[in-house]
Protein chains: 2
Amino acid sequence: MIWQNKLTKLLGIQYPIIQAPMLGVTTPEMVAAVSNSGGLGSLPVGGLSPEITRERIQKTKALTNKPFAVNLFVNALDNVNLEEALAIQDFLDKLGKKHNLEFDRKSPGSFTFYSYKEQIDILIEENIPVVSFTFGWLDNDCIKQLKNNGAILIGTATSVKEAKLLEDTGIDAITAQGVEAGGHRGTFINDEPLPQVGLMSLLPQIVDNVSIPVLAAGGINDGRTIKAAFILGASAVQIGTAFIPSNESLAIPSYKDRLLQAQDTDTQLTKAFSGRWARGIRNTFMTETEQSGLTIPEYTIQNSITGPIRAAAIKQDNNQLTNMWSGQSAPKIKLETCSDIFKELIKQTESIKSI
Amino acid sequence: MIWQNKLTKLLGIQYPIIQAPMLGVTTPEMVAAVSNSGGLGSLPVGGLSPEITRERIQKTKALTNKPFAVNLFVNALDNVNLEEALAIQDFLDKLGKKHNLEFDRKSPGSFTFYSYKEQIDILIEENIPVVSFTFGWLDNDCIKQLKNNGAILIGTATSVKEAKLLEDTGIDAITAQGVEAGGHRGTFINDEPLPQVGLMSLLPQIVDNVSIPVLAAGGINDGRTIKAAFILGASAVQIGTAFIPSNESLAIPSYKDRLLQAQDTDTQLTKAFSGRWARGIRNTFMTETEQSGLTIPEYTIQNSITGPIRAAAIKQDNNQLTNMWSGQSAPKIKLETCSDIFKELIKQTESIKSI
């Protein structure tokens, strides 16, 4: 297996394996472990305050002197529709009571989600070498600022159209997110009908339609899937779900356990948790929210509204009332640390015979 | 590239490339062209009368002395709900008038769809070497009869659960149908929520959970995707959409043209044409039927109801009022004959460098 290519050189990494940014699961320890292993860790900071953003970056830097990516959410921000928000909050209060979960709702005035524009200065001051992003495109000024500072920029596409639009903004690489991927869909053009293209179809079509390197995301969890992605034209793979059961992950024990037993059809796409399509393991929250018939507010509003009940569920290790993001391929490697998982991925890939 | 494996030996073929059975598109000429090229052609006979079944088999046999598969639909048959059927027929009459398409509705009493059980004797009499099937499992008696006659049996699964159930019936191989695949989903356990697993996730999981050979279907249209499927553990690939534009195909010119221009997100899953989930290029029929708000009768009833308007559309080369089944990967090889398309697939696969 030849690991080095144009992209690994650009990123200054040994192996073209990227740990997916998973807000709520990824820790500075996870990011550092993957970067120290020769891959690229990704620190998710989407929507976080400038202060917390800086704190997490500095914590990661204290654990590695290798390059890592910082991942931004570049969506536009919506206003709250108070009536819709109130209806969902009433529903969640009842849902919590039914399942003995106590929490206080937040007033819509206190919903916070920081724009990525408030984070750019910090990324520049901290000399972040790789900036990845999802839910849209970076504006021209941010691209200029980051590029002048030497950052490599990686956007996320769920269709050929999105990939071409991102390439036109002058960024360096694109992550092709197949329908198999866990967590939020990166979709930013026409989410009705939502693009749901399998990686086997999406990856080669994006590769054929852009001239910058393409990263593959979705369904990659072992040596076979890594090698297949490279055959399809990927310059790197992005792996998320496989790292969730690790020691370095913030996932609660009942989420890790459930994930390790997951089967191919256990996940589905839902807007119930955040107002944005995301793939997770089917659970009570998802089912009951969808069956409520209520209008789910747009992202990021629904995300803020469901915050308190999810936080309460996490405290009680209750995997039925918070999100269990997962791709369609459950983790196959049952090792404890991100470093061991990473090493095993490399070993498996190298052991596949050429055909 | 090493083409030979346990499955090719079992099937008696040179290349593990199977032309997908596409009822309405596949001709005996297409089947024979692929079998004569060293692959395995598949003749679809789902729901056809015993007489037509025999006629098509004999026509295929006249064109090749190589093995080919005959493909059955093994679903249970539903009764007509007259009220629902009438409402859809009224809607289709209006839709036809709006688009200047003349046709006569059929009376529900004349809806015909033959059970596969009426076709088994013919398959045995004609010594069909490979019998593939979809929409369920073959009953024990049919399996015994076919096996006693030396036939190799191949079922279709859209989930690990379906694959294991099929393996338990004692068949020889399983086609793993990724969500990328065009035409009808083979799903037969729980179609709500419909399993929509991408091939990158589905294929290795099925391979790991059964001990018989697995064929890969969905998104395969060139050398890269063929090779990737083998890396993921496939013993053969099944290719449909790539053969639709060929001379040997029954597809109308406007369907072929549309397909050759198709992009990754142009298809969607719909029940509008047949009452069963199937992937095709989005068009007027699909959109207007779904927006009608009417209850779509179950397969095969809706299939019979929409028959006349689709037949009229086909006569007028109108691709907006009949089904344009397609996978998420449009045909990439723009050659005229199935034999040339097949050769090019082999050539592309062999030219991929090992990594």
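Cβ-Cβ distance below 6 Å, separation of 6 or more or different chains: which pairs start in region A:215-233 with a residue that is of a type in the set (Lys, Arg) and end on one that is part of a helix (DSSP H, G or I)?
Cβ pairs passing all conditions: A:224/B:204; A:224/B:231; A:227/A:349; A:227/B:231.
Answer with yes or no whether residue B:290 is within 12 Å of chain A (Cβ to nearest Cβ), charged (D, E, K, R), more than 30 Å from residue B:166 (Cβ to Cβ) and more than 20 Å from the chain's Cα centre (by Cα).
So residue B:290 fits the description; yes.
Taking the options B:251, B:242, name whichever one is of a type outside the set (Ser, Thr, Tyr), within 14 Å of chain A (Cβ to nearest Cβ) and touching a residue at least 12 places away in the same chain (Cβ under 8 Å).
B:242
I'd like to know if region A:293-303 contains one or more residues that are of a type outside the set (Phe, Trp, Tyr), out of contact with any Ser or Thr (no Cβ under 8 Å at 6 or more places or on another chain), crowded, with 18+ Cβ neighbours inside 10 Å and not in a helix (DSSP H, G or I).
So far as region A:293-303 goes, yes, one or more of its residues are of a type outside the set (Phe, Trp, Tyr), out of contact with any Ser or Thr (no Cβ under 8 Å at 6 or more places or on another chain), crowded, with 18+ Cβ neighbours inside 10 Å and not in a helix (DSSP H, G or I).
Looking only at residues that are polar (S, T, N, Q) and under 20 Å from residue A:164 (Cβ atoms) in region A:119-151, which one is surrounded by the fewest Cβ atoms within 10 Å (Cβ to Cβ)?
Result: A:140.
The rows are residues; the columns are (1) surrounded by fewer than 24 Cβ atoms within 10 Å (Cβ to Cβ); (2) touching a helix residue (DSSP H, G or I) at 6+ places or on another chain (Cβ under 7 Å); (3) within 14 Å of chain A (Cβ to nearest Cβ); (4) not small (Gly, Ala, Ser).
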site: B:178; (1), (2), (3), (4): no, yes, yes, no
site: B:193; (1), (2), (3), (4): yes, no, yes, yes
site: B:226; (1), (2), (3), (4): no, yes, yes, yes
site: B:233; (1), (2), (3), (4): yes, yes, yes, no
site: B:236; (1), (2), (3), (4): no, yes, yes, no
site: B:247; (1), (2), (3), (4): yes, no, no, yes
site: B:258; (1), (2), (3), (4): yes, no, no, yes
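Do you know which residues across region A:85-105 are touching a helix residue (DSSP H, G or I) at 6+ places or on another chain (Cβ under 8 Å) and either acidic (Asp, Glu) or modelled with pLDDT under 95 (or both)?
Residues satisfying the conditions are A:102, A:104.
So residue A:207 passes all but one of these: (1) within 8 Å of chain B (Cβ to nearest Cβ); (2) without any contact (Cβ under 8 Å) to a residue 60 or more places away in the chain. Which condition number does it fail?
Answer for residue A:207: the failing condition is (1).
State which residue is nearest to residue A:277 (Cα to Cα) when the search covers only region A:142-176 and only residues that are within 13 Å of another protein chain (Cβ to nearest Cβ) and among the charged types (D, E, K, R).
Per the stated criteria, the residue is A:162.
Any chance region A:1-16 includes a residue that's modelled with pLDDT under 95 and surrounded by fewer than 21 Cβ atoms within 10 Å (Cβ to Cβ)?
yes
Please determine whether any residue of region B:265-277 is away from chain A (no Cβ under 14 Å) and either surrounded by fewer than 19 Cβ atoms within 10 Å (Cβ to Cβ) or at pLDDT below 95 (or both). Break it down stepwise before answering.
So in region B:265-277, the residues away from chain A (no Cβ under 14 Å) come out as B:271, B:273-276.
Filter again for either surrounded by fewer than 19 Cβ atoms within 10 Å (Cβ to Cβ) or at pLDDT below 95 (or both), leaving none.
Checked against the condition, which is being away from chain A (no Cβ under 14 Å) and either surrounded by fewer than 19 Cβ atoms within 10 Å (Cβ to Cβ) or at pLDDT below 95 (or both), region B:265-277 yields no hits at all.
Residue B:63: surrounded by 22 or more Cβ atoms within 10 Å (Cβ to Cβ) and not hydroxyl-bearing (Ser, Thr, Tyr), yes or no?
When the stated conditions are applied, residue B:63 does not pass them.
Collect the residues in region A:40-82 that are modelled with pLDDT of 95 or more and among the acidic types (Asp, Glu), keeping them in residue-number order.
If the condition is that a residue be modelled with pLDDT of 95 or more and among the acidic types (Asp, Glu), then A:51, A:55 are the ones that fit.
Could you list all residues from region A:195-224 that are charged (D, E, K, R) and surrounded by fewer than 21 Cβ atoms within 10 Å (Cβ to Cβ)?
Within region A:195-224, the subset charged (D, E, K, R) is A:208, A:222, A:224.
Once the filter is applied, which keeps residues that are charged (D, E, K, R) and surrounded by fewer than 21 Cβ atoms within 10 Å (Cβ to Cβ), region A:195-224 yields only A:208.
Right, residue A:33: in contact (Cβ under 8 Å) with a residue 60 or more places away in the chain, small (Gly, Ala, Ser), closer than 19 Å to residue A:155 by Cβ and buried (at least 20 other Cβ atoms within 10 Å of the Cβ) or not?
no
Looking at (1) assigned by TED's automatic domain parsing to the domain that holds residue B:296; (2) surrounded by fewer than 21 Cβ atoms within 10 Å (Cβ to Cβ), which one does residue B:88 not meet, given that it meets all the others?
Residue B:88 satisfies every listed condition except (2).
Of (1) over 30 Å from residue A:2 (Cβ atoms); (2) within 17 Å of the chain's Cα centre (by Cα), residue A:297 satisfies all except one. Which?
It is condition (2) that residue A:297 fails.
If you scan region A:171-189, which residues turn out to be of a type in the set (A, V, I, L, M) and under 12 Å from the mean Cα position of the chain (by Cα)?
Residue satisfying the conditions is A:181 alone.
The values are calculated or read from the model by the stated rules, or taken from the named source; none is laboratory data. This one's a predicted model, so the numbers in the text were calculated from it and none came from an experiment. With ideal geometry, Cβ positions are generated from the backbone for all residues, glycine too; neighbour counts draw on all protein chains shown.
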